[in-house]
Amino acid sequence: MNGTTGSVAGRSRPRSALLIGLGLVLFAVLIGLGTWQVQRLHWKEGLLATIDKRTHSAPLPLADVEREFAASHDVDYTPVTVTGTFLHQAERHFFSTWEGDSGFNVYTPLQLEDGRFVLVNRGFVPYDLKDPAKRQKGEVAGKVTVTGLARNPLPGKPSMMLPDNDVAKNIFYWKDRDVMAATAGLPAGFVLVPFFIDADKTPNPGGLPVGGVTIIDLPNNHLQYAVTWYGLAAALAAMLILRLRRPTKEG
């Protein structure tokens, strides 16, 4: 009888060691995930502080924003003022929603005095007013001055879940700056400012497009995630301690 008991105990020790080893590995993974979320929390808080500072600053001339972009490649949400002439026939349409309605953000090339172009998000139009002929009052002619927020170009398609852009129908599901410009019928050899501009809320004639549609809503749930991972690590640590103490009690 004692021999049988000893044999069972001998077989259980390697199993317990394996379980404890796996538990320690999982504990390390959970601690790593929690620490990563703390790092992400600090990064997100810094990003939100930067955005808040930028959006509450005075608009800069385009040249100043261009210099900053050349130095850092980051001018997102920097207020900027630019003067030029819109090429309304070259509108590009980005599928969007605004206040519960589906429609498009109208991206129009603005030709600068030096001959270059910048794509300006003039704002939102309802789905059935995609055709510029239905909102001609908003097609402002001549030289205009636009104030808005500079927006970084996207390095690529943000998500595989997004549909591909339908260039033939002039419907964009993600802001591919280069393709928008290349399909807008701009003059050969055109030069494009390397970022977008989202126009502010200054009303357009006829009320369309509706400007000021930039959404600044960056969720910051990293503290919650960190607490969750650290909490799971603490619970696992308690279980491992109980497991390690069990043989002593049984002895």
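The values are calculated or read from the model by the stated rules, or taken from the named source; none is laboratory data. All of these numbers come straight from a predicted model, not from anything done at the bench. Glycine gets a Cβ as well: all are built from the backbone with ideal geometry, and neighbour counts include every protein chain shown. Protein only, heavy atoms only, side chains kept; ligands, DNA and RNA dropped before computing areas. Shrake-Rupley method; radii C 1.70, N 1.55, O 1.52, S 1.80 Å.
State yes or no: is H88 under 15 Å from K175 (Cβ atoms), touching a residue at least 12 places away in the same chain (Cβ under 8 Å) and in contact with a strand residue (DSSP E or B) (Cβ under 8 Å, 6 or more places away or on another chain)?
Details: under 15 Å from K175 (Cβ atoms): no; touching a residue at least 12 places away in the same chain (Cβ under 8 Å): yes; in contact with a strand residue (DSSP E or B) (Cβ under 8 Å, 6 or more places away or on another chain): yes.
No.
Examine the stretch 178-194 for a residue that is under 25 Å from E45 (Cβ atoms), part of a helix (DSSP H, G or I) and either of a type outside the set (A, V, I, L, M, F, W, C) or touching a helix residue (DSSP H, G or I) at 6+ places or on another chain (Cβ under 7 Å) (or both), and state whether such a residue exists.
So the first thing to find is which residues in the stretch 178-194 are under 25 Å from E45 (Cβ atoms), and the list is none.
No, the stretch 178-194 has no match at all.
Could you list, in sequence order, all residues of the stretch 200-237 that are closer than 25 Å to R135 by Cβ, assigned to a loop (DSSP other than H, G, I, E, B) and touching a helix residue (DSSP H, G or I) at 6+ places or on another chain (Cβ under 8 Å)? Even if it seems obvious, please write down each step before you answer.
Our first condition is that a residue be closer than 25 Å to R135 by Cβ; within the stretch 200-237, this holds for 200-215.
Now narrow it down to the ones that are assigned to a loop (DSSP other than H, G, I, E, B): 200-204, 208-209, 211-215.
Passing the criteria: N204, L208, P209.
Residues of the stretch 139-176 being under 17 Å from H93 (Cβ atoms), among the aliphatic types (A, V, I, L, M) and in contact with a Phe, Trp or Tyr (Cβ under 9 Å, 6 or more places away or on another chain), which ones?
Looking only at the stretch 139-176, we keep the residues that are under 17 Å from H93 (Cβ atoms), and these are 139, 151, 154, 162-176.
Right, trim to among the aliphatic types (A, V, I, L, M) and you get 154, 162, 167-168, 171.
Hits for the stretch 139-176 are L154, L162, I171.
Test R92 against the criterion of being of a type in the set (K, R) and either open to solvent by less than 60 Å² (accessible area, probe 1.4 Å) or within 20 Å of the chain's Cα centre (by Cα) (or both), and give yes or no. Give the steps one after another, and end with the answer.
Working: of a type in the set (K, R): yes; either open to solvent by less than 60 Å² (accessible area, probe 1.4 Å) or within 20 Å of the chain's Cα centre (by Cα) (or both): yes.
Criteria met by R92.
If you scan the stretch 13-50, which residues turn out to be open to solvent by less than 50 Å² (accessible area, probe 1.4 Å) and either modelled with pLDDT under 85 or more than 30 Å from N220 (Cβ to Cβ) (or both)?
Listed by number, the residues that qualify are S16, I20, G21, G23, L41, K44, G46.
Read through the list (1) under 19 Å from T81 (Cα atoms); (2) open to solvent by 70 Å² or more (accessible area, probe 1.4 Å), then give the number of the only condition that G123 fails.
For G123, the exception is condition (2).
Taking I197 and the conditions (1) open to solvent by 70 Å² or more (accessible area, probe 1.4 Å); (2) touching a helix residue (DSSP H, G or I) at 6+ places or on another chain (Cβ under 9 Å); (3) touching a residue at least 12 places away in the same chain (Cβ under 8 Å), which numbered condition does it fall short on, given that it satisfies the others?
(1)
Can you tell me which of (1) crowded, with 18+ Cβ neighbours inside 10 Å; (2) closer than 15 Å to G211 by Cα is the one T97 doesn't meet?
(1)
Given the condition open to solvent by less than 50 Å² (accessible area, probe 1.4 Å) and either among the hydrophobic types (A, V, I, L, M, F, W, C) or farther than 21 Å from L110 by Cβ (or both), answer yes or no: does some residue in the stretch 130-139 qualify?
no
Which condition does I216 not pass, out of (1) open to solvent by 70 Å² or more (accessible area, probe 1.4 Å); (2) touching a Leu at 6+ places or on another chain (Cβ under 8 Å), if it passes all the others?
In the conditions (1) open to solvent by 70 Å² or more (accessible area, probe 1.4 Å); (2) touching a Leu at 6+ places or on another chain (Cβ under 8 Å), I216 misses (2) alone.
Name the residue that is farthest from G138 (Cα to Cα), counting only residues in the stretch 98-127 that are without any contact (Cβ under 8 Å) to a residue 24 or more places away in the chain and in a loop (DSSP other than H, G, I, E, B). Talk me through it step by step, then tell me what you get.
Residues of the stretch 98-127 that are without any contact (Cβ under 8 Å) to a residue 24 or more places away in the chain, as a first pass: 99-100, 108, 114.
After this cut, where a residue has to be in a loop (DSSP other than H, G, I, E, B) as well, the list is 99-100, 114.
Values: E99: 20, G100: 22, D114: 25 Å.
The residue in question is D114.
Do you know which residues across the stretch 143-158 are open to solvent by 40 Å² or more (accessible area, probe 1.4 Å), outside any strand (DSSP E or B) and either free of Cβ contacts under 8 Å to residues at least 12 places away in the same chain or within 24 Å of P205 (Cα to Cα) (or both)?
P155
Give the stretch 51-62 a look and list any residue that's open to solvent by 50 Å² or more (accessible area, probe 1.4 Å) and modelled with pLDDT of 90 or more, or say none.
H56, S57, A58, P59, L60, P61
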